[in-house]
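Structure record follows, encoded as structure tokens.
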Amino acid sequence: MFIKIGLDDGLPAPAIVFWRTALAALVLLPVALRLGAARELRSRFVPVALLALVQVAAPFLLITFGERHISSSLTGILVATAPIFTFLLAFAIDREERAGGLGLLGVGVGIAGVVLLLGVDTSGSAAALVGGLMVVLASLGYALGSYYLKRRFADAQPVGVVAGTMAVSALMTAPFAVLDLPAHGPGIGSIAAVSALGIIGTGIAFVIFYDLIGRVGPAKATLVAYVAPGFAVVYGVLLLGETFTLATTAGLVLIIAGSWLAAEGRLPRRAPVGEAAASPQAAVAEDAA
């Protein structure tokens, strides 16, 4: 929703991405320096740059460019394909994150939802179709970045990793923002929207997300996709006046169900009280869940 507000006010996509990443970096870098988290990244510039490219700069640009042609609610639904890519990538990247046959069914269901949304909800528009595909490609970047984060930054403090990746992402997108300056100064509404996107939806949210990846792994961390589309639809319909068709409903249900099945129905659960008390390992598993 915040991206759409900025776009509707005439802000170019690169400017929005630069603004949100730079603002997130400005907020988090002092915290990372104070906690000593920035020192952990001194010898990891190349991994930080690669993570920034794969999971931040490129996906943010893809989503923002794509959202110029589709609604914010449809964008939020398509981003929910991240767990499907996480499932598929596990076969080649991470044996610990692999799921079984139920996950394959989920992939098929989720893809059916994507096809329905892109084929029906975009009304056959070539621009809308390309925009939707850009958002789906961004979800692939989120999934790839999650595995790379788990492998290369498991011992690093999340606030330091996020501060570093956001700073590098801002540097990566700055040239594009300079080459595509807005035709007029942004209004107060778009300033507030993109600022909230940078501080809350980028800085704070990614610290939580990276911490979850380190604690429970990419597959469980991406389960946020179960709830994010619902909020995106509510915000888009109620606050931005976007339409919500029967095809949107069907696509939303198929993608969420497919993502859930791709993770083999993984949901947070609590161990029975007696089991947790009897076994320290059970207590640890309960905390992880």
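Rounded to the nearest 20 debye, what is the charge dipole size of region 105-219 about its Cα centre when +1 sits on each Lys and Arg Cβ and -1 on each Asp and Glu Cβ?
Value, rounded to 20: 300 debye.
Shape of region 139-258 from its Cα gyration tensor (a ≥ b ≥ c, root eigenvalues): rounded if a/c is under 1.5, otherwise prolate when a/b > b/c, or oblate?
Here region 139-258 falls in the oblate category.
Which trypsin sites (Lys or Arg not before Pro) in region 143-233 pass both tests, a DSSP loop state and at most 10 other beta-carbon atoms within 10 Å?
none
Looking at region 34-63, which trypsin sites (Lys or Arg not before Pro) are in a loop (DSSP not H, G, I, E or B) and have at most 12 other Cβ atoms within 10 Å?
Listed in order of number, the matching sites are R42.
No value in this document is a laboratory result; all are computed from the given coordinates. Every value quoted in this text rests on a predicted model; they were computed, and no experiment measured them. FYI the Cβ positions are ideal-geometry reconstructions off the backbone, even for glycines, and counts take in every protein chain you see.
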